[in-house]
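Enquirer: I have a structure I would like to understand better, so I am pasting it below and will then ask my questions one at a time.
Every number here is computed from the coordinates shown, using simple stated rules; none is lab data. It should be emphasised that the depicted structure is a prediction, and the values quoted were computed from it without experimental measurement. Neighbour counts run over all protein chains shown; Cβ positions are idealised from the backbone, glycine included.
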Amino acid sequence: MSGATPTALSKQGRARRRQELVQAVIVPLLAVFTGLVAGAVVIYLSGSSPILAYRGLWEGAFGSPRALSETAVWSTPYIFVGLALAISFQGGLFNLGGDGQLALGALFAAAFGYLLPNVLHTEVPAVIHLPLTLAAGALAGLMWGAIPGWLKARTGASEVITTIMFNYIALLFVAYLLNGPMKDPSPTNMLARTPQIAETARMAPLFAGYRVHWGLVLALITAVAVWFLMGRTALGFEIRTTGANREAAEYAGINNRRVIVMTLALSGMLAGLAGAVEVTGLYYRHDVSYSAGIGFEAIAITLLGRNQPLGVVLAAFLFGAMRSGASRMQFVAQIPVDIISVVQAFILLFVAADAIVRYIYHIRAPSEKPPLTGA
Amino acid sequence: MKTTPKSAPRRRRQSANRANMMRYATVAGLIAFLMGITVLVGGGSDPAGIIVASFLATMLAVSTPLALGALCGIFCERAGVINIAIEGLMLAAAFFGFAGATFAKAAGLPNLPSLLAGVLVAIVVSVLFSLLHAALSVSFKINQVISGTVINIMAIGLTGYLHQVIVFRGLRLPSAGVLPTIRIPFLADLPVFGVLFRQQPIAISALILVAVTHFVLFHTKWGQHTIAVGEHPRAADTVGISVKRMRYANVLIGGAIAGLAGAYFTLESVPSFQPMLVNGRGFIALAAVIFGGWMPVGAWVATLLFGAAQALQINLQYYSSSLPESLSFLRTSQFVGMLPYILTVLAITGIMGRSTPPAADGQPYEG
């Protein structure tokens, strides 16, 4: 391009920016739209009314202040785990262990939340107790992400398989504790859950009477922090370089092994924090039923958000809205909430294979492919 | 050093053989160890011979879906396509196969034809999902791990949704039962170890398919072409092998085998469908592929180890009353239940022997 004149460059630059805009905004939007249409077809084929279903979904997600609050509640863990995956994807690694990291984070947070006052035989002030509880969860997730990272760096063991195996190990471990040593001892309790955490370890609701809590604010702050980390710090640069081209990174003097461990550790930390936030802000205890599947749903969120913090936050709100609307949809249209997973799978399909979307809507292909979704 | 063109591959083969032998010995030792625990725990209630025989029979039965899943992985990866969708393929096949058998039964067919119809549906559905994987990863050239994840999430969503639809509508459907046990003549009548030779059809076909896959890969032109496409697609293309066609075909063959694995869950093991019934076994099968060095027999041996871990869990549950108080935590299913997953992690870290994947594994071919 050395021969290009300044005017040619700016024209080129403008065209390029337009292309980037199409790529970053319009293609994901069309993917979501196409996913919803495909979901409607499935609903129709299984003998229900898609219109009734989507009206219920919309009302349940946005129809009232309470619905909006529920949407925000659902979005909060999605933002954390989506950011966790964004870091790992930018580093060229697949952290598919979000579920296990989240469950361990929730477990450790719950343990700190209810055991600390018991162990110390005194009430711990909230300014110490709450941060400590959140840190415990984050640390548990960090550890559970770092081990597969270390195994990858040391032995080359594929993180795709190890992180998934670590999910099962963590979930069984949590199930053991919640059914045994950490089970809520109150005589009426029949469920696999811990006792409630102390008041001092809880995050307050944002508005009285609604479930949305300060965890949402923390999630948004975390998104800014991740944006800063990935875009403005040396570590972020190293992670992105290793992700783009491992050999080139090695050549540039980056210690790939260290970066791999750091990437998965950071990623695990955010997933663990998601669990801790759920415990301290929403449920006030750990209960095995609520974490399942977020780690995999977050894959779609992250790809939809194109691995960027802002995109992840927006995609997380979309998925949160679908989850929060799903129970109303099930109520009014008698359609099982599971249809949401089908719609999400279609969205993931169309985001990942954006060539399909471009083919359907006659959009020209970009000159460069994004990382991970491209060849 | 004199290296004639002939001796280098032979030397490589010899060292590969030695590594394989080491790996087999490790696996045999571990299986013996797990079996030993079972005999120690159950020895008070049953004679050791019976326990060993039933342990081995359980091991063979529960390793069936793993072995078939591993064969699916081998066909795909030997052709250069990573398939982490085995989990989803099995789940979809398990659901639709079960639905197929149930509806066939409801339509008035007797049990066995219904079940066979179910197996056929399972295979067809799995092949269709594999076609999607092949299209995404071979034609659209999107990242193969993502393509596999798409199918996994799709399978979880679709089967969970349709399962709930059936539950919601309160449909009462007749059960076709499970596939009948086949008694291998003479051997099935052996006194203690006869139980090993009384197996169900999918378990038996898994063993046959291991041998068939070995033969196809290493003794036929098809296998040569498959391996060529997975190792050096450019060279294969140059000599006139269609990379695209071979990859599509092998992914679909793998899909058919994964469909059979899915059928095992609902048509051979238990006559019911649970949304999470595959429970990571698709991924364990992939680990078996890696551990077995992308060889059918090697992968099968690895699946026996995972089968043994599961057999231990089943046996400990059975004998839980004879566990000493100091080991009472083993009475809960969770700790022993972790064993297959921990073994999987160990297996792919290379602690028990390393192996090299096909050179072009996971790389789309820009033809």
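Enquirer: With angles folded into 0 to 90 degrees, how steeply does helix A:98-120 sit against the dominant principal axis of chain A? Use alpha carbons for both and round to 10.
Expert: 30
Enquirer: Can I get the semi-axes of the stretch A:15-69's equivalent ellipsoid? Compute them from the C-alpha gyration tensor as square roots of 5 times the eigenvalues, in angstrom, largest first. All intermediate terms of the calculation are to be shown ahead of the outcome.
Expert: Working: eigenvalues 168, 70, 6 Å².
Rounded to whole Å, the semi-axes are 29, 19, 5.
Enquirer: Also: Points 7 angstrom from Cα along the Cβ direction at A:Ala208 and B:Ile351: gap in nanometres?
Expert: The two pseudo-label positions are separated by 5.6 nm.
Enquirer: Amide H neighbours of B:Gln199 under 5 Å, counting only residues 5+ apart in sequence or on other chains, H built in-plane at 1.01 Å?
Expert: Amide H neighbours of B:Gln199: B:Ile182, B:Ile184.
Enquirer: Report the local net charge at A:Asp287: Lys and Arg +1, Asp and Glu -1, summed over other residues whose C-beta lies under 12 Å from its C-beta. Kindly include the intermediate steps, with their values, before the conclusion.
Expert: Numbers: positive: A:Lys183, A:Arg193, A:Arg285; negative: A:Asp184, A:Glu278.
Charge balance near A:Asp287 sits at +1.
Enquirer: What is chain A's relative contact order, in percent, from Cα pairs under 8 angstrom and six or more apart in sequence?
Expert: Details: 659 pairs, mean separation 129.1, N = 375.
The value is 34 percent.
Enquirer: May I pose another question? About the Cα centre, and with charges only on the beta carbon of Lys, Arg (+1) and Asp, Glu (-1), how big is the dipole of the protein assembly as shown? Nearest 20 debye, please. Numbers along the way, then the final one.
Expert: Values: 48 positive and 27 negative charges, 389 e Å.
Dipole about the Cα centre, nearest 20: 1860 debye.
Enquirer: Taking the 0 to 90 degree range and rounding to the nearest ten, how far is the long axis of helix A:256-278 tilted relative to the main principal axis of chain A, both from C-alpha atoms?
Expert: 50
Enquirer: Taking only Cα atoms and a 10 Å spring cutoff, compute GNM fluctuations for chain A and point out the largest among A:Phe89, A:Phe319, A:Phe173.
Expert: Largest GNM mean-square fluctuation: A:Phe173.
Enquirer: Further, regarding this structure: Can you tell me what percent of all Cα-Cα pairs in the stretch B:31-158 are more than 18 Å apart?
Expert: Details: 5241 of 8128 pairs.
Tail of P(r) above 18 Å: 64 percent of Cα pairs.
Enquirer: What's log10 of I(q)/I(0) for the stretch A:75-316 at q = 0.14 Å⁻¹, Debye sum over Cα points only, no solvent?
Expert: Here the Debye-derived log intensity ratios amount to -0.85.
Enquirer: Taking R0 as 30 Å, what's the FRET efficiency between B:Ala48 and B:Gln274 from their Cβ-Cβ distance, rounded to 0.05? Intermediate values should be presented prior to the final figure.
Expert: Values: r = 34 Å, r/R0 = 1.14.
According to the calculation, E is roughly 0.30.
Enquirer: Something else now. To the nearest µm²/s, what D does Stokes-Einstein give for the protein assembly as shown at 20 °C and 1.002 mPa s, using the Kirkwood radius over alpha carbon pairs as Rh?
Expert: On the way: Rh = 27.2 Å.
Approximately 79 µm²/s, per Stokes-Einstein.
Enquirer: For chain B, return all DSSP H helices satisfying: extent of Cα atoms along own axis at least 27 Å; mean Kyte-Doolittle hydropathy at least -1.0.
Expert: The qualifying helices are B:7-42, B:86-106, B:111-134, B:144-169, B:243-263, B:296-318.
Enquirer: To test your reading of the geometry: what angle, between 0 and 90 degrees and rounded to tens, separates the Cα axis of helix A:309-333 from the longest principal axis of chain A?
Expert: 60
Enquirer: What FRET efficiency, computed as 1/(1 + (r/R0)^6) with R0 = 60 Å and r the Cβ-Cβ distance, is obtained for A:Val25 and B:Ser326, rounded to the nearest 0.05? Could you put the intermediate results ahead of the total?
Expert: Numbers: r = 62 Å, r/R0 = 1.03.
E between A:Val25 and B:Ser326, to the nearest 0.05, is 0.45.
Enquirer: Have a look at A:Leu130, A:Asn255, A:Ser75 and report the one farthest towards the positive end of the charge dipole of the stretch A:75-316, computed about the Cα centre with Cβ charges (Lys/Arg +1, Asp/Glu -1).
Expert: A:Asn255
Enquirer: Moving to a separate point now. How many times 2.2 N^0.38 Å is the alpha carbon radius of gyration of chain B?
Expert: On the way: Rg = 21.4 Å, N = 367, 2.2 N^0.38 = 20.7 Å.
After normalising by residue count via 2.2 N^0.38 Å, the value is 1.03.
Enquirer: Report the relative contact order of chain B, percent, no decimals, based on alpha-carbon pairs under 8 angstrom and at least 6 residues apart. Numbers along the way, then the final one.
Expert: Numbers: 606 pairs, mean separation 119.5, N = 367.
Result for chain B is 33 percent.
Enquirer: Okay, next question. Could you tally the net charge around B:Glu268, taking each other residue with its Cβ under 15 Å from the Cβ of B:Glu268, Lys/Arg +1 and Asp/Glu -1? Display every interim value, and only then the final one.
Expert: Values: positive: B:Arg198, B:Arg281; negative: none.
Net of charged neighbours comes to +2.
Enquirer: Within 10 Å, count the other beta carbons around each residue, average over each peptide in B:241-249, A:267-275, B:322-330, and list them highest first. Can you show the working numbers first?
Expert: Details: B:241-249: 18.8, A:267-275: 33.3, B:322-330: 11.7.
Ranking the peptides B:241-249, A:267-275, B:322-330 by packing returns A:267-275, B:241-249, B:322-330.
Enquirer: A further question follows. Excluding A:Thr71 itself, calculate the net charge of residues whose Cβ lies under 13 Å from the Cβ of A:Thr71, where each Lys or Arg counts +1 and each Asp or Glu counts -1. Please list the in-between numbers first.
Expert: Details: positive: A:Arg66, A:Arg211, A:Arg323, A:Arg328; negative: A:Glu59, A:Glu70.
Within the 13 Å Cβ shell, the charges total +2.
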